[in-house]
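No lab work stands behind these numbers, since they all come straight from the coordinates. Computed from a prediction, not measured in an experiment: that's the story for all the values here. Using ideal geometry, Cβ is built from the backbone for each residue, glycine included, and neighbour counts are taken over all protein chains shown.
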């Protein structure tokens, strides 16, 4: 179909399913698994996209199919990172849509930067699977460079798997409990503390963070676990639905800095793996920073997780404006 028959407009909530499918098709074409959920798409747009009319764009074919999408979230107060979201439906590769979309995203990111924090240096990030050569070529053309690598890791939940065999008990003095809403405020504080020394950390307002996590429709409180030191959260492992029904997605694993390297994460993962298996899931999947300062990759490997795919963050700098 000629590109002249395409129309462009802002995102609407009725687009959530089609946008999610497009993002999943991009991942599948690059050799990955479908990782996007409709409820997650809505949560991202509800919580971190500030102005739908100006910060979103969908490209629609003459027959009504969404063939490209771009989102430009605003960093949280005091933040520094614009995480671009978007892509082109694989059947439409090679028509210049990705170039036009990324050009618009970069222009909008610069506008937000000038409005929100012109005196600060920001970074624009775009995550891509290592097999997505068209996107990688496009990012490089716009001056992006690889700055971080990520692994998607998968573990079998079956009772005889190594994943369950090697996980240990919690250290003395800690108790293991499922998540319940009464822990929401303390969990937010624990997460902000645990991740402040992680690469790319941005402290988000609590309401924004909760919309993406414990208040999300994808959150699975019964399969999530907290390690408690009295009333204090020493560690946590939060589980979510996955687009593939035989999987459970672990979206967040964290340990308080004064409890690290005590086996807490392994014990939490073991409990979540067992709970997921009992709930009928065959696999648990998670994403991890390949260079995590906490040694997370080794923790997950010892718990039975294996690398399934490899992602890369590409970035370009928005310099401070005098």
Simple label model, 7 Å out from Cα along Cβ direction - residue 110 to residue 137, nm: 2.5 nm
Using alpha carbon coordinates only, what is the Rg to Rh ratio of the stretch 3-143, with Rh defined as the Kirkwood radius? 0.94
Percent RCO, i.e. relative contact order, over the stretch 218-305, from Cα pairs under 8 Å lying at least 6 residues apart: 25 percent
Of 279, 227, 290, which is the most mobile in a GNM of the chain whose springs link Cα atoms less than 10 angstrom apart? 279
Which whole-number percent is the relative contact order of the chain (Cα, under 8 Å, 6+ apart)? 24 percent
Simple label model, 7 Å out from Cα along Cβ direction - residue 63 to residue 306, nm: 4.0 nm
Let me have the relative contact order for the stretch 152-309, percent, based on Cα pairs under 8 Å that are six or more residues apart. 37 percent
Fewest-first ordering of 113, 54 by Cβ atoms within 10 Å yields 54, 113
Figure the gain on full extension for residue 130 and residue 8 (residue separation times 0.36 nm, minus the Cα-Cα span) and round it to one decimal in nm. 41.0 nm
Most mobile of 133, 152, 306 in a GNM of the chain (Cα contacts under 10 Å): 133
How much length is gained on full extension from residue 232 to residue 50, taking 0.36 nm per residue of separation minus their Cα-Cα distance? 62.2 nm
Taking Cα extents along the principal axes in Å straight from the coordinates, which label in (i) 51, 48, 38; (ii) 65, 45, 32; (iii) 67, 59, 40 is the correct one? (ii)
What is the gain in length, in nm to one decimal, between residue 206 and residue 149 on full extension, counting 0.36 nm per residue of separation less the C-alpha to C-alpha distance? 17.8 nm
